[in-house]
1. In whole angstrom, note down how far apart the Cα centers of segment B:159-186 and segment A:21-36 are.
2. Taking each residue of B:185-198 in turn, how many C-beta atoms of other protein chains fall within 10 Å of its C-beta, and what is the average?
3. Relative to the first principal axis of the alpha-carbon coordinates of chain B, what is the inclination of helix B:147-180, with its axis defined by its Cα atoms, in degrees from 0 to 90 and to the nearest 10?
4. Return one quarter of the surface area of the convex hull spanned by the alpha-carbon atoms of segment A:12-92, equal to its mean projected area, in nm².
5. Could you tell me how many degrees, from 0 to 90 and to the nearest 10, lie between the Cα long axis of helix A:76-92 and the main elongation axis, the longest principal axis, of the Cα atoms of chain A?
6. Roughly how tilted is helix B:190-209, in degrees to the nearest 10 and between 0 and 90, from the longest Cα axis of chain B?
7. Could you compute the longest span of chain A free of GluC sites (Glu not before Pro) located in DSSP loops and having at most 10 other Cβ atoms within 10 Å, not counting the site residues?
8. Name the cysteines of chain B that stand alone by the Cβ rule: no other cysteine Cβ under 4.7 angstrom.
Amino acid sequence: MEMVEKKKQPNYYFIWFLLLVLTVVEVGIAYLSGLPRSVLILVLVGLAIWKATLVAMYYMHLRFERLRVILLASAPLPLAVILVLAILLEYAR
Amino acid sequence: MNEAITLPGGVKAEPGMRIYNQKLGMWVFLASEVMFFTGLIGAYIILRFGASAWALPGVPLDEGGTPLNINLTAFNTFVLICSSVTMVKGFASIEQGDQKNLKRFLLATVLLGAAFVGIQVMEYIELAREGFLPHCSEELATVVPSCHLFGSTFYTMTGFHGAHVSIGVLCMVWVTVKAFRGGYTKESHGGVEVIGLYWHFVDLVWIILFTIVYLI
């Protein structure tokens, strides 16, 4: 199993630090924030998506992969969004 | 790597994606896993928003608060994030041909992964003792809103994730033993990359679950 390409290496410890800070911010917001509930949910989900994107881009190296691998990895995302939206619409009915 | 591979019967396989088979297989598997966890999250959304009330974080238990220990789980999230950085550093080490650091980082990843599972088991034991189960105790059901529904969805989602982490730890042990036997080199270390992809995916899923199940 040969490796064919050499990837650029990001600063993994900086990403780790960023993930740590975002987690602390998330917990702080969930506990202390006086935000309206709908805004709170949007902010927390936004932070979680940001963290997940950091992991996928830098730890799973998607940022440095070929386009075809990025497309393969992204393929289920529209389906996942459609599934969640369909469920939310079902709930809203 | 990019040349055609001869399969049994003399059939030439097309190197379409130009990545090695194990990595391609892992990405396809992870794509299916995205849909698996989306199904679970979708079920949680419809059950939760369909319920008349739900336990909230930051509220005392007797006022409709959550029985979950958010501080402990936040620490566990930190443990899993640490295991992701050790995993990727192990991979980066062997890319440079650094076997010594590969072994160190893989060992650290195994220990951190096992710690995550251990803390989750402790959390389950504590919650069960308090009566928070897929079918809550009668006492807890009177104070926690939609307790049975909350318990069922909580254990389903975190349980499936915990099973994924446990399988990941077992695979990681295998990769670590192979690393200690000198099985990976600068030129050939696909096993480390493939198990790393799985491990980071498990971390990524937890990031989403932690927010949805514990914080919202």
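1. First find each Cα centre; the distance between them is then 34 Å.
2. Other-chain Cβ atoms within 10 Å of each residue's Cβ, averaged: 2.
3. The answer is roughly 20 degrees.
4. 6.6
5. Its long axis makes an angle of about 10 degrees.
6. Tilt relative to chain B: about 20 degrees.
7. Value returned for the longest uninterrupted segment is A:6-93.
8. Here B:82, B:171 come out as lacking a disulfide-compatible partner, given the Cβ-Cβ threshold of under 4.7 Å.
No lab work stands behind these numbers, since they all come straight from the coordinates. Bear in mind that the values here come from a model prediction, so they are computed numbers and not experimental data. Quick reminder, even Gly has a Cβ in these numbers, built from the backbone with ideal geometry, and neighbours come from all protein chains shown.
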